[in-house]
1. Does residue A:441 satisfy the condition of being buried (at least 24 other Cβ atoms within 10 Å of the Cβ) and polar (S, T, N, Q)?
2. Just one of the numbered conditions (1) in contact with a helix residue (DSSP H, G or I) (Cβ under 8 Å, 6 or more places away or on another chain); (2) touching a residue at least 40 places away in the same chain (Cβ under 8 Å); (3) assigned to a strand (DSSP E or B) is not true of residue A:480; which one?
3. In the set B:104, B:39, B:3, which member is within 19 Å of residue B:245 (Cβ to Cβ) and either away from chain A (no Cβ under 12 Å) or in a loop (DSSP other than H, G, I, E, B) (or both)?
4. For residue A:202, are the conditions met, namely being surrounded by 24 or more Cβ atoms within 10 Å (Cβ to Cβ), out of contact with any Ser or Thr (no Cβ under 7 Å at 6 or more places or on another chain) and aromatic (Phe, Trp, Tyr)?
5. Looking at A:41, A:83, A:36, which is the one that is more than 14 Å from every other protein chain (Cβ to nearest Cβ), assigned to a loop (DSSP other than H, G, I, E, B) and in contact with a Gly (Cβ under 8 Å, 6 or more places away or on another chain)?
6. State whether one or more residues within the range A:50-71 are in a strand (DSSP E or B) and either closer than 29 Å to residue A:462 by Cα or in contact (Cβ under 8 Å) with a residue 24 or more places away in the chain (or both).
7. For the range A:127-138, give me each residue that is at pLDDT 90 or above and either part of a helix (DSSP H, G or I) or touching a Pro at 6+ places or on another chain (Cβ under 8 Å) (or both).
Amino acid sequence: MVERYVMSIDQGTTSTRCILFDHSGRLVAVAQREHRQHFPRPGWVEHDPVEIWRNLERIAPEALAQAGATPAQVAAVGIANQRETTVLWDRLTGAPVGRALVWQDTRTDALVEELSRAPGAGIVTERSGLPLATYFSAPRIRWTLDHVPGLRERAERGEVLFGTMESWLIWNLSGGVDGGVHVTDVTNASRTLLMDLKTLSWDEDLLAFFGIPRAMLPEIRSSTETYATARRIFPGVRIGAALGDQQAALFGQTCFSPGETKCTYGTGAFLLMNTGTTPVRSANGLLTTVGYKIGDEPAVYALEGSIAVTGALVQWFRDRLGLISTAPEIETLARTVEDNGGCYIVPAFSGLFAPHWRSEARGIIVGLTSYITKGHLARAVLEATGWQTREVVDAMNRDSGLSLRELKADGGMTADNLLMQFVADVLNVPVERPMVVETVSLGAAYAAGLAVGYWPDLQGLRRNWHRAARWVPSMDPRRRESEYDNWRRAVERTFDWAKPNKRD
Amino acid sequence: MPGPVQSIERAAAILRLLAGSSGRLGVGEIAQSLGLARGTAHGILRTLERVGFVEQDKASGKYQLGAALLHLGTSYLDVNELRSRAINWADALAARSGEAVRIGTLLDGRVLVVHHVFRPDDTLQALDVGSLLPLHATALGKALLAHDANAAACVRGVALEAFTRRTVTDARQLARALAQVRERGWAAEIEELSIGEAAIAAPIRGHGGLVVGAIGVSGAVERICDAQRVPAAKLVGFVRDAARAVSRDLGGSRW
């Protein structure tokens, strides 16, 4: 039987999607299913790993049926997943230990606070490349070990396994209790706080620092290699790749050379810059992370900058202020005026992320005069995304010593022409949108196809990348500078606003 | 001559009632005021809600006039909304056809390009979103003219400009071409705007079948047309599939 397709599974925060791609990287079939978000207490966010597995059991056959394909026609499957979400499960029964603790979950804040004052806390950033924060997996594992009676002993005996979502799915696909393979890939392992970024292996000192038994950890493997052959859902299909979702988008955008950068614009935005085969430490508040590792080749690293609020500001404008009825109308409203009229909105709704990392900052609208209309506010909403991108790009250029030559953009907000033009204007580099906007899924498919020889090499993948649109900078340099200065002054005014809660 | 349609008369009465009311009205109140069965009133209200002419308050379940009624005189569908809803289908059309894709709407007697996807060969191309094209000399324009009475009114009695010697400038000839577009469900243009270029387009429909725009591909004549200078059947199929997919997303599913 001819292998016609590569399958990708994007296990995301709100849903799981299964997509089939053909040899030209074109999308052939899509099936998707949302899963429940559990919020048992303020700040707690959980997913049911069994529900996610069952969703996969439904959507994968659905995608195959849409394309009229059999598993035998699938060359390989690649998995991209929500990062840092933590699953613990019983090796003998296959049953999860409670629900998965999601990356947004902040129940570990007191624990993280305590750990950051403990001796040896300095090695966390030094070895893992990440700040000690609630965002990453290790504190969640520790929290669960502390809160479930008897769990630590079972974990030490190797009866309880830890994994991020890709580990959970691969273990189940490859047989579960009946010989399931317990692995993770370097990009996901690099988000745990437990991996040494240079050796790409679990670090004994970090394990000791967090008090996590080694026996529960998966084996760290490359992002592209055949981990196992599926024995369930699509028996016989090789499992050829796993990547964290943002790294998968970097791969799907074919950012294979140092300096190549992608930005995914969704509710928030994630910028990743390929920095080549040596990890670059950030002096500007960015994360150092593994971009991908192809088979036995050296790992490729990336700098990552995340912006908390981009599309979410448009949603706020729509749902809370009610000034527009659909998100795309923001562009229509913004085009009713020529410029921002001197008005700036800094959406520090829950503090500012990269490069500022000010958790006490809160959002502001500045420059209000009686001249300002809702059109100016709409401009300021879109411009906030542009300027936040500029700040992260500036930090990346400083850290990497590379300078951004173009930005590959994807995500829903790329449909907004005014915004994309503004991003090009403020970065002073061209912004490009690829023809396949599903870059996360495409990246996972590319990686899996590469692992099994469905695609020969990175050059072959590059040939599949096609430009759907390109925005060229056209802003007067003096105006760019004066507007950036205004933006920076606006950002300063958000600092030191929220006061620590007395009760804590 | 068919008689009046009862349900439309009733819908109009409901709208008048809501317009005259100072607050929101419940189904029961509406049914009582107009002497209708509750189920009948409810059915009409649901339909009116679907087209945006009434809105139901989530908390009280009562009805008021919808925002779409207030904007009845202006644009039916926001062009940025149209682009956002069509973007994936337009990308897929470009990938399948290998040609540049444009989506156009009617603006002041011309075609406004609201979305543009580059031909997927990575040559240097400029984004021409926002540019205006002539209605009578483009496939997008003809698809709009054929299905939109307002568009058709724009070119009536106007001297049609000749861009090439193939541009259709005779009103009767254009009318025949448009009749053919309506019959086939798609429009074409072969070297009518510029020498060596051809295009295929099909209408995008929203709720109730109203044409809200057109989507199409354009490129070199030898790629768009077959050896007989007839638009390639395969490309016509791709364009019509894309137009139907966008229409389905916009609620114009019966077309």
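The values are calculated or read from the model by the stated rules, or taken from the named source; none is laboratory data. Keep in mind that what you see is a predicted model, and the values were worked out from it rather than measured. A quick note on method: Cβ atoms are made from the backbone with ideal geometry, for glycine too, and the neighbour counts reach across all protein chains shown.
1. yes
2. Going through the list (1) in contact with a helix residue (DSSP H, G or I) (Cβ under 8 Å, 6 or more places away or on another chain); (2) touching a residue at least 40 places away in the same chain (Cβ under 8 Å); (3) assigned to a strand (DSSP E or B), residue A:480 breaks only (3).
3. B:104
4. no
5. A:83
6. No, every residue in the range A:50-71 fails to be in a strand (DSSP E or B) and either closer than 29 Å to residue A:462 by Cα or in contact (Cβ under 8 Å) with a residue 24 or more places away in the chain (or both).
7. A:127, A:128, A:138
Matching residues to (1) within 14 Å of chain B (Cβ to nearest Cβ); (2) of a type outside the set (S, T, N, Q); (3) within 22 Å of residue A:421 (Cβ to Cβ):
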| site | (1), (2), (3) |
| --- | --- |
| A:276 | no, yes, no |
| A:288 | no, no, no |
| A:324 | yes, yes, yes |
| A:334 | yes, yes, yes |
| A:341 | no, yes, yes |
| A:346 | no, yes, yes |
| A:351 | no, yes, no |
| A:371 | no, yes, no |
